[in-house]
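*Asks:* Quick one: the structure is below, and I'll ask about it shortly.
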Amino acid sequence: MTNRSSSLAVIPAYNESATIARVIEAMQQERPDFDVLVVDDGSTDCTAAIARGAGATVLRLPFNVGIGGAVQAGFVYAQEHGYQRMAQVDGDGQHDPAELETLLRAMAERETDVVCGSRFLHSDLSYPAPISRRTGIHIFAFLLSLFVRQRVTDPTSGFRLYGRRGIELFARDYPHDYPEVEAVLMLHHHRLRMCEVPVRMFERDGGASSITSGKSAYYMVKVLLALFVGLARRRPVVEPGDSAPVFASHGI
Amino acid sequence: MDRVQFVSTLAAVGLLLVVLELVRRRRLLERYALLWLFAAVVVLVLAVWRGALVQLAHLFGIVSAPNALFFIAVGFILLLLLHFSAALSRLSDQSKVLAQRLALLEARLRRTEERQAESEEALEPLDAELERSSSRW
């Protein structure tokens with residue numbers, strides 16, 4: 001199976017056997033112009049088999065590396081297979097593939113490298129998320145808007161569309177856990193253009209969110225630390241020649 | 001030599017020997033052994049050489065000289081732990097990359113095998129034809 005198109009939809013999934021087939025089918029129905037790649041982040045259920053059965057290409061990580069590492073595997077795949085656009089869609093049915101149209105149009109019209117779907121720009125807040133999480137998101141949004149000097153409303157959204165430059169940047173370096181917020185800051189540091197468009201988000205169909213209440217405090221602190229440390233980095237992303245940790249995209 | 005000096009000397013020598021033995025058995029990489037050896041040697045020197053320890057204690061404003069020894073030992077422990085956290089971070093980053101590469105390779109292998117199976121299937125009638133024609137000869 002070679003690339004059928006120049007666009008790839010990456011669906012990170014961890015134990016999403018209840019919903020993954022539906023998400024893939026919706027994707028294929030709404031956007032037949034996208035190849036579908038499921039990154040199975042070391043699931044202990046049959047997510048990978050179901051996804052394969054539904055006609056998706058599957059990257060099966062041998063153990064759970066966290067959402068950041070899983071999505072990054074998607075970036076590396078997109079980069080190596082020469083995709084020009086990559087969409088990130090959650091595997092739990094939170095996002096409606098039909099709305100990729102909005103993201104694609106915004107990317108073409110506003111000539112941005114990355115487009116994020118924001119639930120807060122949409123008038124129909126059908127799934128506003130619990131108040132505690134919303135507060136956290138607004139705090140991140142406020143800080144990020146200050147840092148990147150551009151209005152950001154939903155920095156934790158995992159419904160995104162990346163152009164080639166975004167793919168190349170994040171294939172090289174993508175945050176480990178809870179990566180979305182940091183990624184916005186990285187885009188700013190690398191002078192990639194980003195914009196938000198209104199989308200609807202739905203309550204997850206099944207499975208459990210990766211962010212439980214116990215973890216949300218850790219989430220807050222970790223992301224805040226990452227943001228402020230990220231600000232202090234002179235060169236936020238290691239470039240070839242730097243004394244770097246490790247690269248994802250280089251050689252085997 | 002008073003008792004505390006004796007005990008701390010013994011402990012430092014013990015640590016030194018254990019670390020060296022671990023390196024000898026290749027259970028400890030030299031890279032990590034060096035920090036431990038350095039710590040053991042410093043503690044040993046200060047345990048034996050009382051004068052230096054007293055001077056150091058005075059410098060830090062510690063009244064009791066043996067406490068200075070503990071102070072330094074704790075400092076080393078913190079340093080080592082930090083060092084391990086850094087090493088652990090590097091390792092988890094590396095294992096993440098390995099997991100990604102492995103998944104990408106497996107996907108590529110699967111695709112290649114599928115393609116091969118397809119082409120073999122497509123060739124099968126041809127092969128049969130070839131066999132038939134050769135058997136005629």
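Taken together, the values in this text are just the output of simple stated rules run on the coordinates, not laboratory data. Since this is a predicted model, take the numbers as computed values, not measurements. Quick reminder, even Gly has a Cβ in these numbers, built from the backbone with ideal geometry, and neighbours come from all protein chains shown.
*Asks:* Two decimals, Cα atoms only, Kirkwood Rh: what is Rg/Rh over the protein assembly as shown? Intermediate values should be presented prior to the final figure.
*Replies:* Details: Rg = 28.0 Å, Rh = 24.6 Å.
Ratio of gyration radius to Kirkwood radius for the protein assembly as shown: 1.14.
*Asks:* Ok, one more. Work out which trypsin sites (Lys or Arg not before Pro) in chain B are exposed loop sites (DSSP not H, G, I, E or B, at most 13 other Cβ within 10 Å) and give the longest gap free of them.
*Replies:* Numbers: sites that count: B:Arg25, B:Arg26, B:Arg27.
Answer - B:28-137.
*Asks:* Further, regarding this structure: Once label points are set 7 Å from the Cα along Cα→Cβ at both B:Ala33 and B:Ala86, what is their separation, rounded to one decimal in nm?
*Replies:* 2.1
*Asks:* May I ask you to compute the full-extension gain from A:Leu231 to A:Glu203, defined as 0.36 nm times their residue separation minus their alpha-carbon distance, rounded to one decimal in nm?
*Replies:* Details: separation 28, 0.36 × 28 = 10.08 nm, distance 3.30 nm.
Between A:Leu231 and A:Glu203, full extension yields an extra 6.8 nm.
*Asks:* Take the alpha-carbon centre of the range B:14-47, take the same for the range B:71-125, and report the distance between them in whole Å.
*Replies:* 31
*Asks:* Using alpha carbons only, how many degrees (0 to 90, rounded to 10) separate the axis of helix B:3-24 from the longest principal axis of chain B?
*Replies:* Roughly 20 degrees between the two axes.
*Asks:* Per the Kirkwood definition applied to all pairs of different Cα atoms, how many angstroms is the hydrodynamic radius of the range B:3-136? Provide the component values of the computation, followed by the final result.
*Replies:* Numbers: mean 1/r = 0.0492 Å⁻¹.
It works out to 20.3 Å.
*Asks:* Further question on the same structure: With a Förster radius of 35 Å, plug the Cβ-Cβ distance of B:Glu129 and B:Leu109 into 1/(1 + (r/R0)^6) and report the FRET value to the nearest 0.05.
*Replies:* Details: r = 31 Å, r/R0 = 0.88.
Computed FRET efficiency for B:Glu129 and B:Leu109 comes out at 0.70.
*Asks:* What net charge do the residues around B:Ser8 carry, taking every other residue with its C-beta under 12 Å from that of B:Ser8, with Lys and Arg at +1 and Asp and Glu at -1?
*Replies:* +1
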